[in-house]
There are 4 protein chains.
Amino acid sequence: MTTKLSGDAKGVYVIAATPFHDDGRIDFDSIDRLVDFYLRCGVHGMTVLGVMGEFQKLSESETLDVAKRFIAAARGKIQTVVGVSNPGTTLLVKAARASMEAGAAGVMVMPIQGLKTDEGVLSYMRGVLKALGPSVPVCVQDYPQLSGVYFSPGCFLQMVDEFPQIVMFKHEEAPGLRKLSAIRRACDGSARRYISILCGNGGIHLPQEYRRGADGAMTGFAFPDMMVRLHALFAAGKTEEAEDLYDLYLPVLRHELQPGIGLALRKEILRRRGAIASSAVRAPGPKLDADDVAELDRLLARLERKTGKPIGSV
Amino acid sequence: MTTKLSGDAKGVYVIAATPFHDDGRIDFDSIDRLVDFYLRCGVHGMTVLGVMGEFQKLSESETLDVAKRFIAAARGKIQTVVGVSNPGTTLLVKAARASMEAGAAGVMVMPIQGLKTDEGVLSYMRGVLKALGPSVPVCVQDYPQLSGVYFSPGCFLQMVDEFPQIVMFKHEEAPGLRKLSAIRRACDGSARRYISILCGNGGIHLPQEYRRGADGAMTGFAFPDMMVRLHALFAAGKTEEAEDLYDLYLPVLRHELQPGIGLALRKEILRRRGAIASSAVRAPGPKLDADDVAELDRLLARLERKTGKPIGSV
Amino acid sequence: MTTKLSGDAKGVYVIAATPFHDDGRIDFDSIDRLVDFYLRCGVHGMTVLGVMGEFQKLSESETLDVAKRFIAAARGKIQTVVGVSNPGTTLLVKAARASMEAGAAGVMVMPIQGLKTDEGVLSYMRGVLKALGPSVPVCVQDYPQLSGVYFSPGCFLQMVDEFPQIVMFKHEEAPGLRKLSAIRRACDGSARRYISILCGNGGIHLPQEYRRGADGAMTGFAFPDMMVRLHALFAAGKTEEAEDLYDLYLPVLRHELQPGIGLALRKEILRRRGAIASSAVRAPGPKLDADDVAELDRLLARLERKTGKPIGSV
Amino acid sequence: MTTKLSGDAKGVYVIAATPFHDDGRIDFDSIDRLVDFYLRCGVHGMTVLGVMGEFQKLSESETLDVAKRFIAAARGKIQTVVGVSNPGTTLLVKAARASMEAGAAGVMVMPIQGLKTDEGVLSYMRGVLKALGPSVPVCVQDYPQLSGVYFSPGCFLQMVDEFPQIVMFKHEEAPGLRKLSAIRRACDGSARRYISILCGNGGIHLPQEYRRGADGAMTGFAFPDMMVRLHALFAAGKTEEAEDLYDLYLPVLRHELQPGIGLALRKEILRRRGAIASSAVRAPGPKLDADDVAELDRLLARLERKTGKPIGSV
């Protein structure tokens, strides 16, 4: 059991992959191994059952089993946020309650597909947040490239003002650097209470986001250890050193960011790093072909050469 | 237990609503009542757990319970097709097998969101159909307005040629009258085996579709009894009489077709006709306001006046 | 020269087709003939160079020539609104000024593709309206099915409050009956100045829209004479009689509403009614095939039978 | 006058910005200056009036003036490809003919918005290519992130087989590395004639694309001199050295790639490099705010430090 998620959360809340066996069954042993890997990387939290966790391909009972195993494996050392987005509010609330009972620190909610305009988003979120009740801390995920749902900074601030349980903003609209700045300035702990802003999108603008006031990363890049060091360097004010570190990984990071195939690449890197046993993605999911593998080989070889570290080491 | 779905299916395979209590729980008694209503309307089959069946808001176990109750209530009198579309192929196959074991005549599959190009659709459908195996009859749903997935007539014909278990095409691309004609001519029972083409989209072009060779309707319009009579009239060659009948209902039909709010209107009409106990839609779903109700009152009053029949009568 | 467009505009502002010769050249003589037809139909205004006017396939000089010819042909008898939507604000303003100099009563502006959230739409419209200046009356077109841009009633009201030159709302979000009611109530001439609301979308919900407070139609349905009579009946409080009239035309109206092919159908009906010489649509535009023509023949024959009037008569 | 565009085109065909004065007028002197800059960078060709050339905000006459000025400024030293995509085929053909007469080497065509399925794309392209005739060399632009039009490799190969004037593929579907490989293998000069494949998307995967058989870049990255050196290094087989060079620029490249704001960033960098007088983007276009400028300052300072070269030097 950890503390509940709060607005002062900082650091790397890694988006966890869901490991499968080659035949598509959930690989629970690899969940333990993956959490151990994340802990060795020094992450500050985990987010499970996000998009990269293939939550849409799990049944209701599987999602709960996966969430519980992750939370148990973390042994209270770090917070776990559980993704509970769902087309139906009843199922969303059920998943949220079960997750909290299992020891989650909070839940992540993305406005569902089909919502239009700030008014539509607000109306939806009010329904969800009232149904969740005040005791469940919520991270609002802003990922319009996937959901097709766009909302303005003003719309998010309205949610914040109405619902104290919103404590975190997962920022991943792209381009979105100005949105981050706008929300940061509005939720500065003075004019309005402070909200934790963690950044997704594979970390493709992470140094710029730190400089604009982000509190950390919430993304699944297969080198969370780099992100942890980046966070420490920014925290220590060593911004140029931080960006130097980041730039070493940028070629792999931007390669892994590709939609679709990116998940297969990420899982393959995690496999090579010893974090999971199989890089399998549930069907209909991407599989790497010979070109893809050779390309990844070259990019990882370059990374090892530039960092002077084998990719397996943390 | 009924026969399996086949390419010579004809008539009205009504898209069944899923009845809920006002608090959102599934109303199983109303499933029985609704099936009885459909049987009294004379429908030739039912399709359950389609979009209008709110399948996305049901848990895995709920979907199976709903499918079983519908099939049981039909007492073998009509075929039941079960919608099994799912982001994950494993869950799709599991639902399909369970449905067939419960007595379904076949399953309905819609290519999942995010597929691009005919090659992408074909690749996806090959994966699904191989996983389903040859013993499960399949209706392919073509509903790009919802899925965002467009495929050409040639792409569908390729599926038909590769997979004998594809026996039905649920036509609802809009505009799509030419697509219907193209597929009808290609699957005419001579150049290529005959495929049943049933039309969705609320029936908004149903007479034109019949004239272009459709075999019937697969839609949830709240007056399936009208569609059954329309089908009989077209079958008897009384095409103008058929269209005269249809035109009486067109004002209500086009009103009910509105995306979103249409589901609430449809369930409210079914409730007024005595087919279900509550018009509740699971959250986040549309609810009728006073304007909507007054508007519906007027439209239904006009329909009663024009047809000379109370809407409650079948 | 007519008066300028104002918030008390009422009636049928027909969306004018742009007539072409079979080879794609603009048919200016048919513009005169079409305007004469519209005048005989009794329309209260015209809107030229809208989507159905194929404005996107005209060069800058062609658009101005077309607008001028329409305005000249109207001989000051009715107002002409000119569509000036454009990806570039400079070109938009240039077209608006030229149109007003040529005698337009006002211009119609649709927020450009790619705008996201109410804040984004407001920001764009502020830029356009400031550049247009206070002397150009503006009709805001709300057509998200085409533009992909959704804005809330509150967003539109904000525009109204900031810019007195906004005098008309072209309502065609679908479904959108509630939006119409919301804007009507907010712009009732008491709490806020009265705004003219004219409805598009082919008129598919026109009687319902009148009952919810619409001031008329702004759509290109090929029987504007019916819409004019509908307007008069609603104005006279003969609402059921109005709807009876409308229902006679609904089968053709809903057929003509099909995106894409609908433009070819509409122009073919206008040709058959003697309003234009050729039904040609500029490439890449839809052309009717033999099935389409036979289908239209039947629908129009049914209309003649039901109304007892040849379609050529006005 | 240069030779016509052909399938053996290789190198960097830079996407040219269209320079404006601060008040939005076209800055023709800066066109001369920009071409001079590109020539000093050593580019192998130019592509004008692409998306980054803001072609949608230019009038018909402006587009021709801009194309002519670019072609004249190139003084026959490099080929110029002119973007002629247009909602209307007549205007497209007119622009293409005028461009070729003015000395263009070929034209670039993107399938228009709204096309669905491979069959739809093929049908459209057949109409355009027949209207253009066999004497106009064509580069097909594949940019679905903007157009919403997706087509498969097989669809493109069909175009190639039907129309010898298609000589180039502008590859920018993302993710799209496999599509590049598929088309490269199919158009290898043996099984099928060789087609030049140039890559867009800001160059975000350029080294990987070279390794997969791309012939060069067609993108507007503000450091075309880097891309020219990259091309030379790949041509010389110095692939690791090439990628080392590329990685130095990747932080700026990925920053400039942001949709929307990216154009303002790119023009500002070009201004700072002395290539154009003003970084103005035509309204409604993005403008840099103080945060954006400070961010760009830092990124460019880092680039200067890493490369040891002032950004103004070529």
query = Has the stretch B:146-157 got at least one residue that is more than 8 Å from every other protein chain (Cβ to nearest Cβ) and either in contact with a Leu (Cβ under 7 Å, 6 or more places away or on another chain) or touching a residue at least 60 places away in the same chain (Cβ under 8 Å) (or both)?
reply = yes
inquiry  = C:V66 - would you say it is at pLDDT below 95 and within 14 Å of chain D (Cβ to nearest Cβ)?
reply    = no
request  = Taking the residues in the stretch D:108-126 that are in a helix (DSSP H, G or I) and either more than 9 Å from every other protein chain (Cβ to nearest Cβ) or open to solvent by less than 40 Å² (accessible area, probe 1.4 Å) (or both) as candidates, determine which candidate is farthest from B:G148 (Cα to Cα).
outcome  = D:R126
inquiry  = Within the stretch B:47-62, take every residue that is of a type in the set (D, E) and touching a Ser or Thr at 6+ places or on another chain (Cβ under 8 Å) and give me the one that is least open to solvent (accessible area, probe 1.4 Å).
reply    = B:E54
ask   = Mind checking which residues of the stretch A:152-181 are under 16 Å from A:G216 (Cα atoms) and among the basic types (K, R)?
value = A:K170, A:K179
Check on C:G216, at positive phi and surrounded by fewer than 20 Cβ atoms within 10 Å (Cβ to Cβ) = no
remark   = Only one of C:R184, C:R178, C:R193, C:R211 is basic (K, R), out of contact with any helix residue (DSSP H, G or I) (no Cβ under 6 Å at 6 or more places or on another chain) and away from chain B (no Cβ under 14 Å), namely C:R193
task = Exactly one condition in (1) free of Cβ contacts under 8 Å to residues at least 60 places away in the same chain; (2) open to solvent by less than 10 Å² (accessible area, probe 1.4 Å) is not met by C:L248; state its number.
result = (2)
request  = Kindly check whether there is at least one residue in the stretch B:36-46 that is of a type in the set (D, E, K, R), under 30 Å from A:Q56 (Cβ atoms) and open to solvent by 60 Å² or more (accessible area, probe 1.4 Å).
outcome  = no
ask   = Which residue, of A:A96, A:A105, is touching a residue at least 60 places away in the same chain (Cβ under 8 Å), buried (at least 19 other Cβ atoms within 10 Å of the Cβ) and away from chain B (no Cβ under 13 Å)?
value = A:A105
ask   = Looking at (1) crowded, with 17+ Cβ neighbours inside 10 Å; (2) under 24 Å from B:P175 (Cα atoms); (3) over 19 Å from the mean Cα position of the chain (by Cα), which is the one condition that is false for B:I197?
value = (3)
inquiry  = Every residue in the stretch C:1-27 that is open to solvent by 90 Å² or more (accessible area, probe 1.4 Å) and touching a Ser or Thr at 6+ places or on another chain (Cβ under 6 Å), please.
reply    = C:D22
query = Given the conditions (1) open to solvent by less than 10 Å² (accessible area, probe 1.4 Å); (2) closer than 23 Å to D:G202 by Cα; (3) within 14 Å of chain C (Cβ to nearest Cβ); (4) among the polar types (S, T, N, Q), and given that D:S30 satisfies all but one, which numbered condition is not satisfied?
reply = (3)
key: Criterion: touching a strand residue (DSSP E or B) at 6+ places or on another chain (Cβ under 9 Å), surrounded by fewer than 22 Cβ atoms within 10 Å (Cβ to Cβ) and basic (K, R) - qualifying residue of D:R184, D:R178, D:R211, D:R192   = D:R184
ask   = Just a yes or no: is a residue in the stretch B:283-296 away from chain C (no Cβ under 14 Å), part of a helix (DSSP H, G or I) and either in contact with a helix residue (DSSP H, G or I) (Cβ under 6 Å, 6 or more places away or on another chain) or closer than 17 Å to B:P224 by Cα (or both)?
value = no
task = Collect the residues in the stretch B:253-276 that are open to solvent by less than 20 Å² (accessible area, probe 1.4 Å) and touching a Lys or Arg at 6+ places or on another chain (Cβ under 8 Å), keeping them in residue-number order.
result = B:R254, B:E256, B:A264, B:A275, B:I276
note = Within the stretch B:277-314, residues being over 25 Å from the mean Cα position of the chain (by Cα) and crowded, with 20+ Cβ neighbours inside 10 Å number 1
task = Would you be able to say whether some residue in the stretch B:136-145 is within 20 Å of B:G83 (Cβ to Cβ), at pLDDT below 95 and in a helix (DSSP H, G or I)?
result = yes
message = So D:V138 ticks every box in (1) surrounded by 21 or more Cβ atoms within 10 Å (Cβ to Cβ); (2) closer than 26 Å to A:G260 by Cβ but one. Which box is left unticked?
response = (2)
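The values are calculated or read from the model by the stated rules, or taken from the named source; none is laboratory data. What you are looking at is a predicted structure, and each value in this text was computed from that prediction instead of being measured. Cβ sites come from the backbone with ideal geometry, for glycine too, and all protein chains shown count toward neighbours. These area figures cover heavy atoms from the full protein model, side chains too; ligands, DNA and RNA do not enter into them. Shrake-Rupley method; radii C 1.70, N 1.55, O 1.52, S 1.80 Å.
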